[in-house]
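Notes follow the structure.
FYI, it's all coordinate maths here, none of it is from the lab. Please read all numbers here as calculations on a predicted model, not as lab measurements. Please note: Cβ atoms are built from the backbone with ideal geometry, for glycine as well, and neighbour counts cover all protein chains shown.
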Amino acid sequence: MITIQTLATGSKGNCYHITDGHTPLLLECGISFKQIQRKLNFKTSDIAACLVTHEHKDHCSGMSEVLKAGIDCYMSPGTKSAIGITHHRIHGVEVKTQFKIGTWTILPFDVQHDVSEPFGFLLANTAGDKLLFATDTYYIKYRFQGLTHLMLECNYCTDLLNRNVANGLHKSMKKRVMKSHFSLENVIDFLKANDLTKLQEIWLLHLSDSNSNEQLIRNEVAKVTGKMIHIP
């Protein structure tokens, strides 16, 4: 059984704790390790590793402290280079090449974002659970079978973004958002294109403060999936 805990989500910092009851992991470290410790009631000694999707600070600003705590960090070679930290606990892993951490088998896959070499991660455990984690991407070109847990960015609603542009949001900001983040509409398309027969729950992450509508997002995803939805 997979347990998911959101420690932080959004432009000010992203960090998630997952465990299958055997191997706890961090997904992202965009907050300080002291914050991570507090949010986990200082139960951090068993964290096996941290997976980092890309080099933007809201996803990796706490990495130096995480490394000092003895936690290995895994990311693409491009992200490793862009972050620019040299440490024996930083591991560059290749796209679409599986690696193992404890009871998890992890498959990194490429996503679309305005950074060096961004990844999403597909995590499968020995009990047969499959968790997909993808954030900060405007499109996912791959299709997945047998997913049991989904952690997906749902950053903005297109109609609301357009309305904000009409009310003064600069068009260059709209272009950046559309070319780097997952819209509700693209999330819906992704859900329709994938096998959700075993899906137990969906976590919708990284909602924009000004360009998203939480209730609309919840309602639209529920219509398509009928699954349990969490919006932290």
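Going by C-beta contacts inside 10 Å, put 58, 189 in order with the fewest on the left.
189, 58
Listed values for region 139-144 are Karplus-derived 3J(HN,Hα) couplings in whole Hz (6.51 cos²θ - 1.76 cosθ + 1.60, θ = phi - 60°), namely 6, 10, 7, 9, 10, 10, and x replaces Gly and Pro. Placing unit charges on each Cβ (+1 for Lys and Arg, -1 for Asp and Glu) gives the chain a dipole about its Cα centre, and among 121, 152, 103 the Cα reaching farthest toward its positive end belongs to 152.
Listed cross-link partners 174/223; 39/171; 12/141; 43/141; 80/198 are compared with a 30 Å cut-off, the Cα-Cα value being larger for 39/171; 43/141; 80/198.
Shown in residue order for region 62-77 are the 3J(HN,Hα) couplings computed by the Karplus curve 6.51 cos²θ - 1.76 cosθ + 1.60 at θ = phi - 60°: x, 4, 4, 5, 4, 5, 4, 7, x, 9, 5, 10, 10, 6, 6, x Hz (x for Gly and Pro). Basic side chains Lys and Arg get +1 at the Cβ, acidic Asp and Glu get -1 at the Cβ, and with that the dipole of the chain about its Cα centre reaches some 220 debye. With one equal scatterer per alpha carbon and no solvent term, the Debye-computed log10 I(q)/I(0) for the chain at 0.08, 0.16 1/Å reads -0.27, -1.14. As a calculated quantity, the FRET efficiency between residue 48 and residue 167 at R0 = 45 Å, using C-beta atoms, amounts to about 0.45.
Taking the longest Cα principal axis of the chain as reference, the axis of helix 214-225 is set at about 80 degrees. Here, region 37-124 is characterised by an Rg to Rh ratio of 0.95, where Rg is the alpha-carbon radius of gyration and Rh the Kirkwood radius. Distance between the 7 Å Cα→Cβ label points at residue 209 and residue 40: 2.7 nm. As a proxy for reagent exposure, ranking 42, 190, 99 by other Cβ atoms within 10 Å from fewest up yields 42, 99, 190.
Potential lengthening of the chain between residue 218 and residue 98 amounts to 39.9 nm, from the contour at 0.36 nm per residue minus the alpha-carbon distance.
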